[in-house]
Amino acid sequence: MKEQLLKKLKSEDKAEVREAIETLVDYPDEEVIKEIVKVMVSMRSKAVLEAAKNTLSSFSNLSDVVCREVVKLFKVEEPKLRHAAIDILSSYGNTCLNVIERELLSHEDYNMRKFGLDVLSRINTKESLEKIISALSDENPNVKFTALEYMRNFPDMKEEVVNGIMEEIYQMGDLYGLTTLASTIIYGNFKDERLIKPLREKLEEIQDPMGKYWIYKILVFLGDKEIYPEALENARAIGMEMDIKKDMEIFGS
């Protein structure tokens, strides 16, 4: 029966291939996993990919094989395949962390490292957050700021996130980084008074009024009312007075 199903994977009929993949869920072994991954690449229909995701996500007893084979999909320049890979790998939680570390986070191509972060943000465990925080030291700003942005996905691990952010504040300098920092803290709702001191110190380093504006936005969110006058003055200079006033109304009560 298994051999017949594997032969059907080579069919040009998408419905037949999808049905075969769905039935192969009862035949969990390495050969089946490899053949399903192959057909995902050769036949990229939505129905086939959905069936493959469901079947491969069910092989918990062979999770090491699934992780090893599915991570190869990131090498194929097809967004649908990469999204499917993220769904499958993240469904296994911490089980795939070693493979993600080895094959993605340690890759010389920064795009691969970003794909690794995509998976980690979906796993949403303390262990995955630790790896995201480690990526804050990545030399590539695309990876670094992607890691910072994904930290907002861990609201239940506030202590770990805040500690990571406190370290990062001192390294932050460019406008994109400051914008991402503000977005992570505010939209992640990481309200912690410990962030006020390093942010005030960062203000002393920044000369650009727009850069200061983003720091002021965070401080207003954190409830630091002492900086209101200077925040308003800075916002007025760059035409953002109404925006900062709105923040003060929302967060100052």
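In square nanometres and to one decimal, what's the mean projected area of the convex hull around the Cα atoms of the chain?
The number I arrive at for the chain is 15.6 nm².
Against the globular-protein guess of 2.2 N^0.38 Å, express the Cα radius of gyration of the stretch 154-253 as a ratio, rounded to two decimals.
Working it through for the stretch 154-253, the quotient is 1.00.
To the nearest Å, what is the center-to-center distance of the stretch 160-238 and the stretch 80-141, using C-alpha atoms only?
27
Name the GluC sites (Glu not before Pro) in the stretch 78-136 that are in a loop by DSSP and that have at most 16 other C-beta atoms within 10 Å, would you?
GLU108
Whole-Hz ³J(HN,Hα) for each residue in the stretch 95-103, computed from phi via Karplus 6.51 cos²θ - 1.76 cosθ + 1.60 with θ = phi - 60°, x for glycine and proline: what do you get?
4, 8, 4, 5, 5, 4, 4, 6, 8
Which one of TYR170, PHE154, TYR216 is farthest out on the positive end of the charge dipole of the stretch 131-253, using unit charges on Cβ (Lys, Arg +1; Asp, Glu -1) and the Cα centre as origin?
Going by the charge dipole, the pick is PHE154.
Every read-out reported here was derived from the displayed coordinates using simple, explicitly stated rules and does not represent laboratory data. In this text the structure is predicted, and so the values were computed from the model without any measurement. As a convention, Cβ positions derive from the backbone with ideal geometry for all residues, glycine included, and neighbour counts pool all protein chains shown.
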